[in-house]
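The values are calculated or read from the model by the stated rules, or taken from the named source; none is laboratory data. On a predicted model such as this, the values are computed, not experimentally measured, just so you know. Cβ placement follows ideal geometry from the backbone for every residue including glycine, while neighbour counts extend to all protein chains displayed. Calculation scope for accessible area: heavy atoms of the full protein, side chains included, ligands and nucleic acids excluded. Shrake-Rupley method; radii C 1.70, N 1.55, O 1.52, S 1.80 Å.
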Amino acid sequence: MSTNIILLGPPGAGKGTQAKRLVEERGMVQLSTGDMLREARSSGTEMGQRVAAVMDRGELVTDEIVIGLIREKLTSGAASGGYIFDGFPRTLAQADALAALLDELGQSLDHVIEMRVDDEVLVARITGRATCANCGEVYHDVTRPIPADGKCANCGSTEIKRRADDNEDALRTRLLAYYKQTSPLIGYYHAKGQLESVDGLAAIEAVSAEIAGLLGQQTQDA
Ligand code: AP5
Ligand code: MG
């Protein structure tokens, strides 16, 4: 049986880090709208060029674009291990669109997991972050340093990069966008009886264990 989940939290909460682990451990499919948009901008499509400046400022791109990206992924094939929605939905309109889309496809939304963190840790997490451009593995200068040989521990690539929006100015805008546009989703999912939360300030392994507790013991073969 597949399980579809949302990881909800501000920039730097650890959504991507935990999503990667769920992909490896449970065979789930990560749908990160941030990654999709970065892919579009690096491939130079018209849409990619349109969103680049918006992303660099730390603002949200339009609902129409991100809903279109998610629709395309969900309708192009099934994920037997289920989907992890990472960084989507980010507005109430996106949440409604996701509900309608899952309904249309006969699928359910099984867990909405809020990753609770304090703003103070986010600056350190974001400014210390580096990501493998090849496989998406996430590093941090202090908590998870890039291996000494400069190669990604997961895939061996030397293309480990920093994001253009990982600076204090853009982060301020990203946080503001989170509180204004995304945090109302906490009330939205709470009212629907779907909200669960984990302590995002705990160590990466401890957060994974807490998420595993919420998802139950289901594995890739289940
Ligand atoms: P997106 O790529 O989604 O960025 P974000 O939401 O700002 O979140 P991040 O990726 O920065 O943080 P994360 O929670 O994934 O943290 P991570 O695991 O990397 O979006 C980018 C932009 O795209 C947006 O600003 C917007 O413009 C646009 N966009 C995307 N989706 C959109 C949508 N739906 N609608 C409109 N616009 C959209 O961890 C961060 C660091 O902390 C890492 O270095 C990691 O190693 C470290 N870390 C993680 N967990 C821990 C831990 N437990 N303890 C210590 N360190 C940890
Ligand atoms: Mg991320």
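For this structure, a couple of remarks:
- Cα gyration tensor shape for the range 62-143, rounded if a/c is under 1.5, else prolate or oblate: prolate
- Principal axes of the range 91-222: Cα extent on each, largest first, Å: 47, 42, 28
- Overall form of the chain per C-alpha gyration tensor (a/c, 1.5; a/b vs b/c): rounded
- Counting protein heavy atoms only, the chain has 51 percent of its accessible area on carbon and sulfur, 1.4 angstrom probe.
- Heavy-atom surface of the chain, accessible at 1.4 Å and reported per residue (Å²): 50
- Inverse of mean 1/r across different Cα pairs in the range 1-129, Kirkwood, Å: 15.4
- Loop-resident GluC sites (Glu not before Pro) (DSSP state other than H, G, I, E or B) in the range 144-222 with no more than 16 further Cβ atoms inside 10 Å of their Cβ: Glu159.
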